[in-house]
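Below: one structure, written as structure tokens.
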Amino acid sequence: MNIPALLECLVDPACLLTQFTGALILAMILFLVASGLSLIFGVLGVLNFAHGSLYMLGAYFTYSLMVRYGNFGVAAILASIGVGLFGVIFERLFVRKIYASPILYQLLLCYAFILVLDDLAKLVWGYEFLSMGVPPSFRRPPIHLWGSFIPPYYVLIMIAGVIVALALWLFLARTKYGKIIEAAAYNAEMLSALGINVPLVYTMVFGIGSALAGLGGVLAGPARSVFPGMGFSVIIESFIVVVIGGLGSIGGAFLGAILIGIMRSLGIIGFPAIEESFVFILMAIILIIRPQGLFGKEEV
């Protein structure tokens, strides 16, 4: 426990900005994964525990494409689309069979795919930690602000997270297809009676959610090491984000990710030995006060 160091950081603009930047980096990556997880659960009612493995695939796809083409923009787009297409195949061949099954079957299927995808990653890319490094176009001097230095690539992650959040909100709230997705979450039977292909809507939602997880892996890859099983830790925190924000709420996932990022970033200074526990403490407090999450809707 180091309370004096935490208090000193809170009154130091450079330290505060550095920690806040770190919090936003973690938050935006968590949001991308958690938003896809929340979207899939909110519409399909499936707890996709294998979502973290899609995050891992996004990072590995980016690494391979960067080695082959050396262009991060191309790699990011192709990797996200590739993970989205994998999600479509996963939904059509496997997840679709268990929509009406108990949640235990969902968890067993997803956990099986975690093991399968981790082993496939080891066969294709090996057991060792891989590092692709910061893309060449972002290897520039850091931005100097209030005594703190922010790498340009970190700025990209923060901007990308905000843009995706706004785009996802606009798509769901302002477009025809977003309204169809919302209707599928509330009453799929009525939507089907109106002539809408509900299974196709489910597939599209699962593909979008998978692509979001892949994009999280794309952005995390250059800033972190890439290794088999890297999705396991992020899926735990993503589930916490979804629970804090409210199941099915994209805005709740965004706020929940920021809260977790701040808790982790400041907790590592004042309470380094128990920093990870603060995330669970925050979740427990919110669930006690508001069991459905910050933006979740109370079940009737």
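The values are calculated or read from the model by the stated rules, or taken from the named source; none is laboratory data. Remember, predicted model here, so these are calculated numbers, not experimental data. With ideal geometry, Cβ positions are generated from the backbone for all residues, glycine too; neighbour counts draw on all protein chains shown.
Report yes if SER64 is in a loop (DSSP other than H, G, I, E, B) and either basic (Lys, Arg) or on the phi < 0 side of the Ramachandran plot (or both), otherwise no.
When the stated conditions are applied, SER64 does not pass them.
Is one or more of the residues making up region 277-293 assigned to a helix (DSSP H, G or I), out of contact with any Phe, Trp or Tyr (no Cβ under 9 Å at 6 or more places or on another chain), more than 16 Å from PHE41 (Cβ to Cβ) and among the hydroxyl-bearing types (Ser, Thr, Tyr)?
To start, the set of residues in region 277-293 that are assigned to a helix (DSSP H, G or I) comprises 277-289.
Those left that are additionally out of contact with any Phe, Trp or Tyr (no Cβ under 9 Å at 6 or more places or on another chain): 279-289.
In the following step, the residues that additionally are more than 16 Å from PHE41 (Cβ to Cβ) were identified as 279-289.
Filter once more, so that each one left must be among the hydroxyl-bearing types (Ser, Thr, Tyr): none.
Looking through region 277-293, none of the residues is assigned to a helix (DSSP H, G or I), out of contact with any Phe, Trp or Tyr (no Cβ under 9 Å at 6 or more places or on another chain), more than 16 Å from PHE41 (Cβ to Cβ) and among the hydroxyl-bearing types (Ser, Thr, Tyr).
Take region 126-150 and flag every residue that is at pLDDT 85 or above and surrounded by 15 or more Cβ atoms within 10 Å (Cβ to Cβ).
Selection gives LEU130 alone.
If I filter region 33-46 for residues that are outside any helix (DSSP H, G or I) and crowded, with 20+ Cβ neighbours inside 10 Å, do I get at least one hit?
Taking region 33-46 as the starting set, the residues that turn out to be outside any helix (DSSP H, G or I) are 45-46.
Add one more test, that the residue is crowded, with 20+ Cβ neighbours inside 10 Å, and what stays is 46.
Checked against the condition, which is being outside any helix (DSSP H, G or I) and crowded, with 20+ Cβ neighbours inside 10 Å, region 33-46 yields at least one hit.
Please verify whether region 95-104 includes one or more residues that are assigned to a helix (DSSP H, G or I) and within 19 Å of ALA160 (Cβ to Cβ).
no
Residue by residue, here is whether (1) within 30 Å of VAL67 (Cβ to Cβ); (2) charged (D, E, K, R); (3) surrounded by fewer than 17 Cβ atoms within 10 Å (Cβ to Cβ) holds:
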position	(1), (2), (3)
GLY161	yes, no, no
LEU166	no, no, yes
GLU182	no, yes, yes
PRO199	no, no, yes
SER210	yes, no, no
ALA213	yes, no, no
GLY216	yes, no, no
PHE227	yes, no, no
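Kindly establish whether LEU24 is assigned to a helix (DSSP H, G or I), in contact (Cβ under 8 Å) with a residue 60 or more places away in the chain and either among the basic types (Lys, Arg) or surrounded by fewer than 24 Cβ atoms within 10 Å (Cβ to Cβ) (or both).
Yes, satisfied.
Taking THR62, is it hydroxyl-bearing (Ser, Thr, Tyr) and farther than 26 Å from TRP169 by Cβ?
The answer is no for THR62.
Kindly indicate the residue of region 163-187 that is touching a Phe, Trp or Tyr at 6+ places or on another chain (Cβ under 8 Å) and free of Cβ contacts under 8 Å to residues at least 60 places away in the same chain and also farthest from GLY251 (Cα to Cα) among those meeting that condition.
TYR177
If you go through region 110-125, how many residues are more than 16 Å from GLY231 (Cβ to Cβ) and crowded, with 19+ Cβ neighbours inside 10 Å?
Result for region 110-125: 0.
From the residues in region 160-204 that are farther than 18 Å from GLY42 by Cβ and part of a loop (DSSP other than H, G, I, E, B), which one is nearest to the chain's Cα centre (by Cα)?
ASN197
With respect to ALA253, determine if the residue is in contact (Cβ under 8 Å) with a residue 40 or more places away in the chain, surrounded by 21 or more Cβ atoms within 10 Å (Cβ to Cβ) and under 25 Å from VAL134 (Cβ atoms).
no
Within region 122-151, work out how many residues are within 23 Å of the chain's Cα centre (by Cα) and either free of Cβ contacts under 8 Å to residues at least 12 places away in the same chain or under 18 Å from ALA75 (Cα atoms) (or both).
8
Filter region 60-107 down to the residues that are more than 16 Å from ALA50 (Cβ to Cβ) and over 22 Å from the mean Cα position of the chain (by Cα), then identify the one that is surrounded by the fewest Cβ atoms within 10 Å (Cβ to Cβ).
It comes out as ALA100.
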